[in-house]
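Have a look at the structure below before the remarks.
The values are calculated or read from the model by the stated rules, or taken from the named source; none is laboratory data. This structure is a prediction, so every number in the text was calculated from the model and none was measured. All Cβ positions, even for glycine, are placed from backbone atoms using ideal geometry, and neighbour counts span all protein chains on display.
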Amino acid sequence: MQIDLTVNGKRASLDAEPRLLLVHALRDVIGLTGTHVGCDTSSCGACTVLLDGVSVKSCTVFAVQASGHEVTTIEGIGTADELHPMQEAFWSAHGLQCGYCTTGMIVSAVDLLKRNPDPTDEQIRAGLEGNLCRCTGYENIVKSVRAGAKAMREHAPLHSVRDLMPIHPPAEAPPPSGEGIIIPALEKALT
Amino acid sequence: MIPAAFDYVRASSVDDAIRLLGEHGDDAKLLAGGHSLIPMMKLRLAAPATLIDITGIPQLDAIRVEGNRVTIGALTKHAALAASDALKKSAPALWDAANQLGDPQVRNRGTIGGASAHGDPSADYPAVLLALDATFTLIGKGGERKLPAGEFFRGMFDTALGAGEVLTAISFDAAPKSAYVKYHHPASHYAVVGSAVALTLNDGSIGAARVAITGVGDAAFRAGRVESALAGVRAGDDDAVAAACAGAASGQDARSDTFASGAYRAAMADVFTARAVAQAAGR
């Protein structure tokens, strides 16, 4: 059936079965793959998006339910050239390791700060209760949200990924040959 | 996980929903927040042929406090209940439950009517609505009927809601001295054990008490023996309160699973009931 959504401020129309989940519509039909499928059972929060401005788990919403409504994904929160302060905070405070949960964490954190711009650590933890991370032990995620909240209150300027990652190898530098990698003892053993 | 195929229609009013239920027969299900139904459909534990989305029906998403009576529209989201100061004052037990239910994203989407109609034996609201002696308003082809919570919740995933009916509202008298405390399952966020208490106090002594427990049996239940034992007990006397709450789950066939044995659930029912009494009395 006909589904008409607004995704990150742009109209998106698709013809799909009613059983198509919002997360699959976003990833597989519209091509926005920043929203992840983690547990697929509304526990982990990797698929968190904003629906009419509030956080929801897009694995537990049918796309057709969102027809006529507004969806904001991580791609609508910030871009590589203009990172949202919360994205930059996750970067600078090391709020991620593998990164799988990160987009959902950031969307949830943005939702939390709309209701409470200056949360305590305890309120941050409660606000992220619906998002699971298997890497970090949450300490740096809480630090990131605290830093992001501060930056948002202080209207921090937006940065791009390139500003934050200045130590790029020059494009023309030759790739490492690998010659130096073999340690002498191993070299001996090989000959 | 992809659910079985279904047809999707939106109802514009309660009458429209009743008409659509009649048209699509027993294979149709009402869809509100979907946070009980959609997970079941994804696991193919439910495969309705038609979903009738009722979330667009106006006026069912409201909390009204009129004098001593509180009425909650069935489409009111958990997040709205959790954020309501009026509810916190008039029926803090329900406010407690809304704040402890699921997680922020679930609370942004799920509704009190949907959660109640699902009849999950570990859900939070049934205990609270039993302790508040709430009235459920059901509207069907034959008109409206009102049922007390004790008749609405019938068993595991079983309520008195008829196939052609819509649950429109839940109402109860204000119970400012009420509380709900739960043993929070760390993964599912459901209640391993949850206890709801609504009290009246006379000079520090408990007058009347309504006590209901979820998570233990096939459905939430009123702990009648504890209710009688609490009458006259001084609310500040922890030992006397604990003694009155002993055997809160007696007579129930307490469920066992990988997380908690039946005996443990029954023991925790006593502990969490005593905590709920203390919290309610302190309000």
Suppose we filter the stretch B:17-35 for residues that are at pLDDT 95 or above, of a type outside the set (Lys, Arg) and under 28 Å from A:Lys57 (Cβ atoms); how many remain? 11
Tally of residues being part of a loop (DSSP other than H, G, I, E, B) and of a type in the set (Asp, Glu) across the stretch A:93-126: 1
For the stretch A:42-68, enumerate the residues that are over 15 Å from B:His78 (Cβ atoms), more than 17 Å from the chain's Cα centre (by Cα) and within 8 Å of another protein chain (Cβ to nearest Cβ). A:Val61, A:Phe62, A:Val64, A:Gln65
Of the residues in the stretch B:212-236, those that are closer than 19 Å to B:Tyr264 by Cα and of a type in the set (A, V, I, L, M) come to B:Ala212, B:Ile213, B:Val216, B:Ala219, B:Ala220, B:Ala223, B:Val226
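Condition check ((1) modelled with pLDDT under 95; (2) under 30 Å from B:Tyr190 (Cβ atoms); (3) assigned to a loop (DSSP other than H, G, I, E, B)) across all residues:
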residue	(1), (2), (3)
A:Arg134	yes, yes, yes
A:Ile141	no, yes, no
A:Ala147	no, no, no
A:Ala156	yes, no, yes
A:Asp163	yes, no, no
A:Pro175	yes, no, yes
A:Gly180	yes, no, no
A:Leu186	yes, no, no
Which of the residues belonging to the stretch B:118-129 are more than 8 Å from the chain's Cα centre (by Cα) and buried (at least 24 other Cβ atoms within 10 Å of the Cβ)? none
If I ask for residues that are in contact with a Phe, Trp or Tyr (Cβ under 7 Å, 6 or more places away or on another chain) and outside any loop (DSSP other than H, G, I, E, B), which ones from the stretch B:201-256 would you list? B:Ala212, B:Ile213
Wholly within the stretch B:97-170, helices (runs of 4 or more DSSP H) carrying at least 1 residues that are in contact with a strand residue (DSSP E or B) (Cβ under 8 Å, 6 or more places away or on another chain) and under 15 Å from B:Gly73 (Cα atoms): B:104-109, B:112-118, B:125-131
Only residues that are outside any strand (DSSP E or B) and either within 7 Å of chain A (Cβ to nearest Cβ) or acidic (Asp, Glu) (or both): list them for the stretch B:5-33, please. B:Ala5, B:Phe6, B:Asp15, B:Asp16, B:Glu23, B:Asp26, B:Asp27
Among the residues of the stretch B:34-55, how many are in a loop (DSSP other than H, G, I, E, B) and at the interface with another protein chain (Cβ under 9 Å from one of its Cβ atoms)? 4
Quick one: is A:Ile3 within 14 Å of chain B (Cβ to nearest Cβ), outside any helix (DSSP H, G or I) and either in contact with a strand residue (DSSP E or B) (Cβ under 6 Å, 6 or more places away or on another chain) or surrounded by 22 or more Cβ atoms within 10 Å (Cβ to Cβ) (or both)? yes
Given the conditions (1) surrounded by 15 or more Cβ atoms within 10 Å (Cβ to Cβ); (2) within 12 Å of chain A (Cβ to nearest Cβ); (3) within 25 Å of A:Val23 (Cα to Cα), which single one is not true for B:Ile2? (1)
